[in-house]
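The block underneath contains the structure these notes are about, expressed in structure tokens.
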Amino acid sequence: MGRIDRAGRVIAAPPATVYGALLNRRSLEVWLPPDGMRGRIERWDPRPGGGFRMVLTYLDPTGSPGKTSDATDVVDVGFAELVPPERVVQRAVFGTDDPSYAGTMTMTWEFAATGEGTEVTVTATDVPPGIDRAAHEAGIASSLANLASYVEEAAD
């Protein structure tokens, strides 16, 4: 097994709401891109064995070279496992010619009810070596903050 990166956060919403935000095309486009990026989903099939293709565009590509082009990361994500409202397992492959970003990274999103809402834990396994650990964990944390804002605002 390759490198493992992790991030987590408690979100003030029930597990079913948080789980649902991972299986809604429009919500993913809003909250999944980390700070400094925007996202667009090109293909969508929300079932085990299905998946999606997301194009992530850097708002300022200076100093943040994309994996697919200077300004973009294209990632094909397969849904390996969907266990409502407990877990989503995704397999992510970047569109790139750079071998340091090659391979399949597994992203496991786990949801556990707490007194404050839902504890969300994201574990990335087999992270390609070209992805900087600190930047990756910060990106996951940024996506989790976006997810919290998205579902908590919807609950208000």
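The values are calculated or read from the model by the stated rules, or taken from the named source; none is laboratory data. Note that the coordinates shown come from a computational prediction; the quantities given were computed from them, not determined experimentally. Positions of Cβ are backbone-derived with ideal geometry, glycine not excepted, and every protein chain shown enters the neighbour counts. Ligands, DNA and RNA are stripped out before the accessible areas are found, and what is left, the full protein with its side chains, is counted by its heavy atoms. Shrake-Rupley method; radii C 1.70, N 1.55, O 1.52, S 1.80 Å.
Worth pointing out:
- Any hit, region 117-125, residues being open to solvent by 30 Å² or more (accessible area, probe 1.4 Å) and not in a loop (DSSP other than H, G, I, E, B): yes
- Hey, Asp35 in a loop (DSSP other than H, G, I, E, B) and either open to solvent by 50 Å² or more (accessible area, probe 1.4 Å) or acidic (Asp, Glu) (or both) or not: yes
- Some residue of region 6-22 being open to solvent by less than 30 Å² (accessible area, probe 1.4 Å), within 19 Å of Gly117 (Cα to Cα) and part of a strand (DSSP E or B): yes
- Ala16 under 12 Å from Tyr150 (Cβ atoms) and either free of Cβ contacts under 8 Å to residues at least 24 places away in the same chain or among the aliphatic types (A, V, I, L, M) (or both): no
- Selection count where residues are at pLDDT 95 or above and hydroxyl-bearing (Ser, Thr, Tyr), scope region 21-78: 1
- Residue within region 48-57 that is open to solvent by less than 40 Å² (accessible area, probe 1.4 Å), within 12 Å of the chain's Cα centre (by Cα), within 20 Å of Asn146 (Cα to Cα) and polar (S, T, N, Q) present: no
- Ala92, sole failed condition from (1) within 16 Å of the chain's Cα centre (by Cα); (2) within 17 Å of Lys67 (Cα to Cα); (3) open to solvent by less than 40 Å² (accessible area, probe 1.4 Å); (4) touching a residue at least 60 places away in the same chain (Cβ under 8 Å): (4)
- Those residues of region 57-72 which are within 15 Å of Val127 (Cα to Cα) and free of Cβ contacts under 8 Å to residues at least 40 places away in the same chain, in sequence order: none
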